[in-house]
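Following: one structure in structure tokens, then a few remarks.
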Amino acid sequence: MPPRHPPQNATSRFSNRVADYLRYRPGYPEGVLTLMRDRGWLKRGAQVADIGSGTGIFSRLLLDAGAEVFAVEPNTGMREAGEAMLAHQALFHSIAASGEETTLADQSMDLIVSAQAFHWLDRARARSEFTRLLKPGGRIVLIWNVRQTASTPFLRDYENLLLHFAPDYAQVRHENVDAEALAGFFIGGVFEKHVFANRQCFDFSGLRGRLLSCSYAPAPGHSLHEPMIQELQRLFEVHEQNGSITFLYTTEVFIGR
């Protein structure tokens, strides 16, 4: 696979999604943190760079584990949301920078994590930056919540909705970072993969917010927005059980040097 360059608006495209992102995006299973603790990489006082930290969803988990977190986020709205939630914590540092140019010191990080963000980076530049940042023996942990697309009738219909109404959905999906791309990123092509189950349940308001938290979903004012919401309402009415629907995820964790 050739080197991937992110969309030109990769930094700004979430600016009008902050409130929905903060409220409706999934968290991460405890097993992800347990894995890093058991390996000895995540411990009290460890210095961790959270690349593409967004609204601070994963940074908060790292802080709860006792790490000192350097949350690197280029989008102002997302970064400020994370600051509002976490700035009271002494071990939280908000960094206004990109994942390719973090401004952090050489060999200063025990661990680099990127949760739901690595696919937005220029991989070649990120590889160089991560190499510069890590202490000897440090690790890189890449994490994605992978929404299941065909395991239930609702999830199949929801995937079809995205394919029909979201023009750049296929272009920006994180699945574009495949095993070949990861092998080219990690030293020697060697990495571990771990998988955890994750889920969310929504009423219609939550389902709408979850959809609109995605950068590829047409926003209000776009010609496809209202037809998309109407179809979402129809899908909810067809598939809801006791007033809610369920999103199923596979949380995938990739670890390497």
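Tell me, which residue of region 219-233 that is touching a helix residue (DSSP H, G or I) at 6+ places or on another chain (Cβ under 9 Å) and surrounded by fewer than 16 Cβ atoms within 10 Å (Cβ to Cβ) is nearest to ARG208 (Cα to Cα)?
Among residues in region 219-233 that are touching a helix residue (DSSP H, G or I) at 6+ places or on another chain (Cβ under 9 Å) and surrounded by fewer than 16 Cβ atoms within 10 Å (Cβ to Cβ), the one nearest to ARG208 (Cα to Cα) is GLN233.
Failed condition for SER215, given (1) under 16 Å from the mean Cα position of the chain (by Cα); (2) outside any loop (DSSP other than H, G, I, E, B), with all others met?
For SER215, the exception is condition (2).
In the list VAL172, VAL253, VAL177, VAL238, which residue meets the criterion of being at pLDDT 95 or above and either closer than 30 Å to SER128 by Cα or acidic (Asp, Glu) (or both)?
Testing whether each residue is at pLDDT 95 or above and either closer than 30 Å to SER128 by Cα or acidic (Asp, Glu) (or both) leaves just VAL253.
What about ARG199, is it out of contact with any Phe, Trp or Tyr (no Cβ under 6 Å at 6 or more places or on another chain), crowded, with 17+ Cβ neighbours inside 10 Å, basic (Lys, Arg) and at pLDDT 95 or above?
Criteria not met by ARG199.
GLY206 versus (1) closer than 22 Å to PRO26 by Cβ; (2) modelled with pLDDT under 95: which is the lone unmet condition?
Result: GLY206 passes all but (2).
State whether the residues of region 84-99 include one that is at pLDDT 95 or above, touching a Lys or Arg at 6+ places or on another chain (Cβ under 7 Å) and hydroxyl-bearing (Ser, Thr, Tyr).
Yes, region 84-99 contains at least one residue that is at pLDDT 95 or above, touching a Lys or Arg at 6+ places or on another chain (Cβ under 7 Å) and hydroxyl-bearing (Ser, Thr, Tyr).
Of all residues in region 45-61 being without any contact (Cβ under 8 Å) to a residue 40 or more places away in the chain and surrounded by fewer than 24 Cβ atoms within 10 Å (Cβ to Cβ), which is nearest to ALA87 (Cα to Cα)?
ARG60
Counting only residues that are crowded, with 20+ Cβ neighbours inside 10 Å and of a type in the set (A, V, I, L, M, F, W, C), how many does region 82-96 have?
So the count comes out to 2.
The values are calculated or read from the model by the stated rules, or taken from the named source; none is laboratory data. No experiment lies behind these values; they were computed from the predicted model shown. Ideal geometry is used to build each Cβ from the backbone, glycine not excepted, and the neighbour counts take in all protein chains shown.
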